[in-house]
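This report concerns only the one structure given below.
Throughout, read-outs are computed from the coordinates displayed, never taken from laboratory work. Everything numeric here is computed off the predicted structure, so don't read it as measured data. Neighbour counts run over all protein chains shown; Cβ positions are idealised from the backbone, glycine included.
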Amino acid sequence: MKVVSRLVNMDFKIGKIARKEDQLVISSHESQPMKVKVYMSPEDITGLIRAALNLSVIYYVLSLPFIFIKRKAEK
């Protein structure tokens, strides 16, 4: 995933996802030069789910098998 903001422009490869108390912790992959941990609260997760429940995201998720097949065929 690509993270772009005023503070940073970096690629973030997800390594592990774990639960710590009431938060979800997303850690960067070991191969990443900068180690990153993202802490998501229950409110963050609820907001993420609400944002993802739109037709654009649903169509994208449903088209993922075709995207993977197309990428494999191109390689």
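Of note:
- Here the stretch 1-40 is treated with +1 on each Lys and Arg Cβ and -1 on each Asp and Glu Cβ, and its dipole about the Cα centre works out to around 60 debye.
- Placing +1 on the Cβ of every Lys and Arg and -1 on the Cβ of every Asp and Glu, with nothing else charged, gives the chain a dipole about its Cα centre of roughly 340 debye.
- Which listed pairs, of Lys35/Lys72; Lys13/Lys35; Lys2/Lys35; Lys2/Lys37; Lys13/Lys72, have C-alpha distances above 22 Å, in listed order: Lys35/Lys72
- Separation of the Lys13 and Ser63 label points, Cα + 7 Å toward Cβ, nm: 2.7 nm
- Paramagnetic reach from Arg71 in the stretch 1-44 [backbone N under 11 Å; point 7 Å along Cα→Cβ]: 1
- Shape call, the chain: gyration tensor on alpha carbons, a/c limit 1.5: oblate
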